[in-house]
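So the structure is just underneath, and the comments pick up after that.
Rule-based calculations on the coordinates, nothing more; no lab input. Every value quoted in this text rests on a predicted model; they were computed, and no experiment measured them. Glycine gets a Cβ as well: all are built from the backbone with ideal geometry, and neighbour counts include every protein chain shown.
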Amino acid sequence: MTGFLKGLARLRRGPWEMVASIAIGLGVFMLMQPFWLAAFTWSFLVLLTGTVLFIVVSHFPEDR
């Protein structure tokens with residue numbers, strides 16, 4: 001866990017790609033669920049944020 005937090009603090013690609021992937025997955029889940037209207041309303045913004053974050057993070061340096 002400390003390695004993950006160090007990677008986030010040092011702006012390394014691996015941990016940030018995981019955060020972006022979780023945001024994308026959460027956005028897709030929020031988009032597909034039929035029960036909670038507030039989640040459906042915010043789903044596009046979460047999905048878009050995760051996608052933009054993934055594009056930005058792809059330019060971070062690799063883990064060593």
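Among (i) 40; (ii) 46; (iii) 70, only one was calculated for this model; which label is it, if the read-out is percent of Cα pairs over 17 Å apart?
The value computed from this structure is option (ii).
Between Phe35 and Phe60, how high is the FRET efficiency from 1/(1 + (r/R0)^6) when r is the Cβ-Cβ distance and R₀ = 35 Å? Nearest 0.05.
The formula returns an efficiency of 0.45 here.
Ordered by packing density, taken as the mean number of other Cβ atoms within 10 Å over each peptide's residues, highest first, how do 54-60, 30-36 rank? Could you put the intermediate results ahead of the total?
Values: 54-60: 12.9, 30-36: 11.1.
So the peptides 54-60, 30-36, ranked by packing, come out 54-60, 30-36.
Suppose the chain between Leu45 and Arg10 were pulled fully straight at 0.36 nm per residue; how much longer would it get relative to their current alpha carbon spacing?
10.0 nm
What does the charge count around Val57 come to, taking other residues whose C-beta lies under 11 Å from its C-beta (Lys +1, Arg +1, Asp -1, Glu -1)?
Local charge sum for Val57: +1.
Choose one answer from Leu26, Leu47, Leu37: the residue with the largest mean-square fluctuation in a GNM of the chain with alpha-carbon springs under 10 Å.
Comparing Leu26, Leu47, Leu37 in the GNM, the peak value goes to Leu37.
Specify which residue in the list Phe29, Leu11, Ser43 is farthest towards the positive end of the charge dipole of the chain, using unit charges on the beta carbon of Lys, Arg (+1) and Asp, Glu (-1), about the Cα centre.
Farthest towards the positive end: Leu11.
In debye, nearest 20, what is the charge dipole magnitude of the chain about its Cα centre with +1 on Lys and Arg Cβ and -1 on Asp and Glu Cβ, if you could check? Could you put the intermediate results ahead of the total?
Working: 5 positive and 3 negative charges, 46 e Å.
Roughly 220 debye, rounded to the nearest 20.
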